[in-house]
Amino acid sequence: MIKLSVGVGQDLGLRLPDTHVSAKEAFGLDIDMKVPAFSDRDEHVPEIDKAYRFDRDTTLAIVAGFTHNRRVLIQGYHGTGKS
């Protein structure tokens, strides 16, 4: 696990992705890209819903931003799954 700190003894407690996975395998879409991921799961990660289908264009825009360390703005009404 990679952690961020602002100086000696000042751990921010933030975790960074420490591996890469296939976007095709992770999202079930025909996207030939490796995306950042965490190697271990924690309590903030819900169980995978095998019935969920990702929208290709939306997912591609989001993972491309994260993969290339670019800012990604996700907007929408509360309760619509932005997080």
Seminar exercise, completed: Considering the stretch 6-32, residues that are surrounded by 10 or more Cβ atoms within 10 Å (Cβ to Cβ), modelled with pLDDT under 90 and closer than 23 Å to Gly81 by Cα, and then whichever is farthest from the chain's Cα centre (by Cα), we arrive at Ile31
Exercise. For the stretch 53-83, how many residues meet the condition of being among the aromatic types (Phe, Trp, Tyr), at pLDDT 90 or above and either under 17 Å from Val21 (Cβ atoms) or in contact with a helix residue (DSSP H, G or I) (Cβ under 8 Å, 6 or more places away or on another chain) (or both)?
Worked result: 1
Seminar exercise, completed: In the stretch 61-78, residues that are over 15 Å from Lys34 (Cα atoms), touching a residue at least 12 places away in the same chain (Cβ under 8 Å) and either exposed (fewer than 10 other Cβ atoms within 10 Å of the Cβ) or polar (S, T, N, Q) (or both) total 0
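Which ones in the stretch 29-83 are charged (D, E, K, R) and part of a helix (DSSP H, G or I)? Before the answer, list the steps.
Filtering the stretch 29-83 for residues charged (D, E, K, R) gives 30, 32, 34, 40-43, 47, 49-50, 53, 55-57, 70-71, 82.
Correct list: Arg56, Asp57.
The values are calculated or read from the model by the stated rules, or taken from the named source; none is laboratory data. What you see is a predicted model; the values in this text were computed from it and never measured. Because the Cβ atoms are built from the backbone with ideal geometry, glycine has one as well, and the counts that use them run over all protein chains shown.
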